[in-house]
Amino acid sequence: MRVYVPLTLPALAEAHKTGELGTGPLAAYAVTPALREWYLSDDIEELEYAALNRAALASVRLLAADPDAIRRRVVVAVDVPDGAAVADPDRGLDPAALGEVRVAGPVPLAEAAAVHVDGADAEADVTAAATAVEAADGGDDDAQFVVDGAEDHELLWYATQEIPNLVGNG
């Protein structure tokens, strides 16, 4: 099963150093039944793109909590065994939890399929989104518009071999 793990660049650097994305349980996003129902598509590529975007939004929330991190969204795509990622049934169709899963146990960075990171041109919009995300979560439509502005930037795809260059160790 492919899951999308939201991170920041400092968290990616730590994962590169330790060889693990986290010890678990780890928050990630995947194609869940609730995401399928919400997105109304059977196209797996579209559904995975929706899960990736959900993880990118979660990365914005991580950036809001880390004022020192470079303002770029980071998502690591990882293949985990079926059953290793579980959606919380109590959250059901909660819009904030669509596609959200928990991955038990440590997730080796070596299992990553790819890394998705914003380009430098997205930093201003991602900075604004990180500032506005709390208000957007509270229902502020103007703040939601600002957060949505970050989604106008496509995340760039990187091979896992490029992680040292992304985190400044290469």
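Computed values, structure above
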{"read-out": "Meets criteria (within 16 Å of Met1 (Cα to Cα) and surrounded by 13 or more Cβ atoms within 10 Å (Cβ to Cβ)) for Ala77", "value": "yes"}
{"read-out": "Segment 138-161, residues that are surrounded by fewer than 17 Cβ atoms within 10 Å (Cβ to Cβ) and more than 19 Å from Leu52 (Cα to Cα)", "value": "Gly138, Gly139, Asp140, Asp141, Asp142, Phe145, Gln161"}
{"read-out": "Flag if Val60 is part of a helix (DSSP H, G or I), under 26 Å from Ala143 (Cα atoms) and of a type outside the set (D, E, K, R)", "value": "yes"}
{"read-out": "Filter result (surrounded by 17 or more Cβ atoms within 10 Å (Cβ to Cβ) and either touching a residue at least 40 places away in the same chain (Cβ under 8 Å) or part of a strand (DSSP E or B) (or both)) within segment 116-126", "value": "His116, Val117, Asp118, Ala122, Val126"}
{"read-out": "Test: residue in segment 46-67 that is without any contact (Cβ under 8 Å) to a residue 12 or more places away in the chain, among the acidic types (Asp, Glu) and within 18 Å of Leu155 (Cβ to Cβ)", "value": "yes"}
{"read-out": "Any hit, segment 51-65, residues being charged (D, E, K, R) and either more than 12 Å from the chain's Cα centre (by Cα) or over 20 Å from Glu134 (Cβ atoms) (or both)", "value": "no"}
{"read-out": "Residues of segment 80-115 classified as more than 18 Å from Leu7 (Cβ to Cβ) and assigned to a strand (DSSP E or B), total", "value": "1"}
{"read-out": "Residue satisfying all of: in segment 21-55; crowded, with 17+ Cβ neighbours inside 10 Å and charged (D, E, K, R); nearest to Ala110 (Cα to Cα) among these", "value": "Glu48"}
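Where a number appears in this text, it was derived from the coordinates with a stated rule and is not lab data. What you see is a predicted model; the values in this text were computed from it and never measured. When we count neighbours, we look across all protein chains shown, and the Cβ atoms used for this are built from the backbone with ideal geometry, even at glycine.
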